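Visitor: Submitted below is the structure of interest, expressed as structure tokens.
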Amino acid sequence: MNRRTLLQQLAVGAAALASSPFAQRTAAAEAVAAKANQGSGRLRITRVRPILTAPQSGVRLVVVKVETSEPGLYGLGCATFNQRAVVVKTAVEEFLDPFCRGRDADNIEDLWQAAYTSSYWRNGPVLNNALSGLDQALWDIKGKRAGMPVYQLLGGKARFAVPCYSHAGGRDIPQLLDSVQKIQAEGYRHIRIQLGGYGSPQLAGKGDYEEAGFGIPAEGHMDPAAYCRAVPKMFAAVREKLGEELLLLHDIHERIAPIDAIRLCKDVEPYRPFFIEDPFSPEDVGWFKILRSQTSVPIAMGELFNSPHEWTGIITERLIDFIRVHISQIGGLTPARKLAALAEAFNVRSAWHGPLDVSPVGHAANAHLDLAIWNFGIQEAVRFSDAMREVFPGAPTMKNGYMHVNEAPGWGVDLDETAAKKFPLPDRPGYWEPVRRRDGTAVRP
Ligand code: MG
């Protein structure tokens, strides 16, 4: 066989091999491997940056945008800490951004662990919020790459939508009853009732400290005794006028002495509250055992928690019924889903903190987790203004007492940066203003 004939035969053989089923399968496998390789190893973080905006009620929202090496692919995460927004901004710009650039956007757990310990000292609210911004943005990216909403990545829906409670309040009982009925008419079954604000400062009158020129006028005054007398009467009035079916909640907001909180829980027990929230400050969690031995009132706790050291004991000892952390304050979805799994083992339910100082991205994160976990308890409802929806297209919606998420991949929430610029942060820094007792002593929330 001459050289030319050999080459011709080899060419025919190669063509036959290339068109064989084996070759086609091999090529397909290579394409899948190339794609997978691109997915698992090549998507790099190119920038992590904070976006600050205040479209509703002057609340200082911080959202972190994580940009990647794939043009147009980015994620959003909530890092909102209204009282220290610009400190979170600094943490993101000066520390997280340089730490993350060039790292693999796909490895969420690894990035979370590495960033968490990158400060050595950890579990504080500023760094946890910055970390949450990164973490939730990476879950958003993961969902976009998978073409799925994040709740699908967590196992899919355990319920069709997210049942919520809404806030009713008034200066007096008639005003409160009116407020409860308006919320009932919107379709809510779970309603939180407060008389005269947290700790009922509107019942307190003027503090002696004000006469003495102690403190400044912007601060509030509460009278723990007046508050403790008013709350059982409030429950009695709502039950008497509006019946037994409503699921009633109340927030003590940590403002009274621990033993007063225990007596108050016992006083409201006959009115069967759905839960009583935050009877103690985080520093007083040792009182839960005493509370638990005295009453079967369901307890929600944890919106001020930052660290696993704060929740692990009270969950594993079955001292609370609802864990109520603010998800960005504990570092994002990654720690929150682990917390939910821990709580499930002890049949402690979720009630993630969800007021207006959570961005729509953060509310979406709450709701996606709510949809996917078995031990969901209740979610705090939110009402977004038109301005908020303009800045955050795709934000969750409320209907008949349920929260619904946008089904687009990731969180389903975007951020219009041009619109966000129309709503700069208020000039003054955000403070949790002190509330004082009659003699001027600052009350600890
Ligand atoms: Mg609260």
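The numbers here are math on the coordinates, done by the rules we state, and not lab data. None of these values were measured; they are calculated from a predicted model. Note that each Cβ is placed from the backbone with ideal geometry, even for glycine, and that neighbours are counted across all protein chains shown.
Visitor: For the pair Glu94/Glu109, report the inter-label distance in nm, with labels modelled 7 Å from Cα in the Cβ direction.
Guide: Roughly 3.3 nm, to one decimal.
Visitor: Counting other Cβ atoms within 10 Å, keep those with at most 11, restrict to DSSP loop, and tell me which chymotrypsin sites (Phe, Trp or Tyr not before Pro) in segment 247-284 are left.
Guide: Of the chymotrypsin sites (Phe, Trp or Tyr not before Pro), not one in the loops of segment 247-284 has a Cβ with at most 11 other Cβ atoms within 10 Å.
Visitor: Here is a follow-up. How much mean residue ellipticity at 222 nm does the chain get from its helices, if each DSSP H run of length 4 or more adds -39500 (n - 2.57) and you divide by all residues, to the nearest 500 deg cm²/dmol?
Guide: Only helices count here, giving -12000 deg cm²/dmol.
Visitor: Which ³J(HN,Hα) values, rounded to whole Hz and listed in residue order, are derived for segment 371-377 from phi using the Karplus coefficients 6.51, -1.76 and 1.60 in 6.51 cos²θ - 1.76 cosθ + 1.60 with θ = phi - 60°, glycine and proline given as x?
Guide: 5, 9, 8, 6, 8, 5, x
Visitor: Could you please rank Tyr227, Tyr431, placing first whichever residue has the fewest other Cβ atoms within 10 Å of its Cβ?
Guide: Tyr431, Tyr227
Visitor: So, one more: How do Phe81, Phe99, Phe305 line up, fewest other C-beta atoms within 10 Å first?
Guide: Phe99, Phe305, Phe81
Visitor: For the chain, which span is the longest to avoid every loop-located (per DSSP) member of GluC sites (Glu not before Pro) having at most 12 other Cβ atoms inside 10 Å?
Guide: For GluC sites (Glu not before Pro) (loop position, at most 12 other Cβ atoms within 10 Å), the longest site-free span of the chain is 1-243.
Visitor: Also: So how far apart, in nm, are the two label points at Glu269 and Ala387 if each is 7 Å from Cα heading toward Cβ?
Guide: Inter-label distance under the simple model: 4.7 nm.
Visitor: Hey, how much of the P(r) for segment 102-226 falls beyond 19 Å, as a percent of Cα pairs?
Guide: 71 percent
Visitor: Just want the ordering: Ile276, Ile216, from fewest to most Cβ atoms lying within 10 Å of their own Cβ. List each step's numbers first, then the result.
Guide: Values: Ile276 26, Ile216 9.
Ascending Cβ contact count within 10 Å gives the list Ile216, Ile276.
Visitor: To the nearest 0.05, what FRET efficiency results for Ser293 and Ala257 with a Förster distance of 22 Å applied to their C-beta separation?
Guide: Values: r = 18 Å, r/R0 = 0.81.
Given R0 = 22 Å and the Cβ-Cβ separation, E is 0.80.
Visitor: Then there is this: Computed from the mean reciprocal separation of all distinct C-alpha pairs, what Kirkwood hydrodynamic radius does segment 152-409 have, in Å?
Guide: 19.2 Å is the Kirkwood radius here.
Visitor: Just flag the trypsin sites (Lys or Arg not before Pro) in segment 297-359 sitting in loop per DSSP whose Cβ has no more than 14 other Cβ atoms within 10 Å. Write down the numbers at each step before the final one.
Guide: Working: sites: Arg318, Arg324, Arg337, Lys338, Arg349; in loops: Arg318, Arg324.
In loop regions of segment 297-359 (DSSP not H, G, I, E or B), the sparsely surrounded trypsin sites (Lys or Arg not before Pro) are Arg318.
Visitor: Hey, how much of the P(r) for the chain falls beyond 38 Å, as a percent of Cα pairs?
Guide: 30 percent
Visitor: Excluding same-chain residues fewer than 8 positions from Lys233, which aspartates and glutamates have a Cα within less than 12 Å of its Cα?
Guide: Asp172, Asp267
Visitor: Where does helix 333-345 land angle-wise versus the long Cα axis of the chain, in degrees 0 to 90, nearest 10?
Guide: The two axes meet at around 70 degrees.
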